[in-house]
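These notes concern the structure reproduced below.
Just so it is clear, none of the values below were taken in a lab; they were calculated from the coordinates. Since the model is a prediction, treat every value here as computed from it, not as a measurement. We place every Cβ from the backbone using ideal geometry, glycine too, and count neighbours over all the protein chains shown.
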Amino acid sequence: MGRLRGKGRLLAYGARSRGRKFLGALALALAPLAAAAEPVVVAALGDSLTQGYGLPVEDGLVPQLQDWLAENGVAAEVQNAGVSGDTTAGGLARIGWTLTSEVDALIVALGGNDLLRGIDPIASRTNLEGILSEARSRGLPVLIIGMEAPGNYGPGYKAAFDGMYPDLAMRYDTLLVPDMLAPLKVLQADDPQAMARYMQADRLHPNADGVRVIVEAIGPEVARLVARAQH
């Protein structure tokens, strides 16, 4: 009987040992899945278009983009780092404290206020380079969302301003949306009254429906940004 009890204890110990090994192996197998489930934190550095000027909070660019990502199964948390009236210089001044340790990727959507103020594109480009250099130093993937200059500044200004976004995207290996308002301009090409329906009364900022159109267009690029951050 003593030998049987001893053998029983050995069998029980062996079962417990195998059980612990199995649980350990299961935990190791599930660890990558748990890590993959963690949302990618994306900081959206921008101006009033990013901040959601003139709109209820839920209708702004970042909340609508957050909803689009969730609906399309993209595990990401978008932080609203938009400041109304901000220029590329302002974005450069605050990039250091915008990129907290939890940020995994960056959207840069600046330049509209540089246009309104007629700032030299050389200065805007230098500021954007400073922002991109900081992101690169931290190993963060970036999506640049540009703007398109109107023709009234002259062809030289327009060429320099419009060209800086693709040039910088190539140089810093970032994703690129050349013009945030392009989806609305496409609608306007088919219907001259489209901009009036999709813009606020100031004709500078999209309304909730306009933001929705923009988000549908940029959403896939933001999803690509998240995918880059996950690898």
* Asked: What's the local net charge at Met164, with K and R +1, D and E -1, over the other residues with C-beta under 12 Å away?
  -> -3
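Find out how many positive minus negative residues lie around Val226, taking Lys and Arg as positive, Asp and Glu as negative, among other residues whose Cβ is under 13 Å from that of Val226.
Numbers: positive: Arg224, Arg228; negative: Glu38, Glu77, Asp104, Glu221.
Cβ neighbours under 13 Å give a net charge of -2.
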* Under 5 Å between amide H atoms, partner at least 5 residues away or on a different chain: which partners does Val177 have, H built in plane at 1.01 Å? -> Ile144, Ile145, Gly146
* To do: Report the residues of region 182-226 in range of a label on Asp67: point 7 Å along Cα→C-beta, backbone N strictly under 13 Å from it.
  => 208-216
* Asked: On full extension of the chain, what length is gained from Glu134 through Glu38, given 0.36 nm per residue of separation minus the C-alpha to C-alpha distance?
  -> 32.1 nm
* What number comes out for the charge environment of Gly60, summing +1 per Lys or Arg and -1 per Asp or Glu over other residues with Cβ under 12 Å away? -> -2
* Search the structure for amide H atoms under 5 Å from the amide H of Gly85, placed 1.01 Å from N in the peptide plane, and list their residues when 5 or more places away or on another chain. => Ser48
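Please state the shape class of region 74-231: rounded when a/c is under 1.5, otherwise prolate if a/b exceeds b/c and oblate if not, all from the C-alpha gyration tensor. Numbers along the way, then the final one.
On the way: a/c = 1.77, a/b = 1.26, b/c = 1.41.
Taking the square roots of the gyration eigenvalues as a ≥ b ≥ c, region 74-231 is oblate.
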* **Mean separation of Cα contacts under 8 Å (6+ apart) over length of region 108-231, as relative contact order %** => 23 percent
* Asked: So, in nm, how far is label Trp97 from label Asp190 when the simple model puts each one 7 Å beyond its Cα toward the Cβ?
  -> 4.6 nm
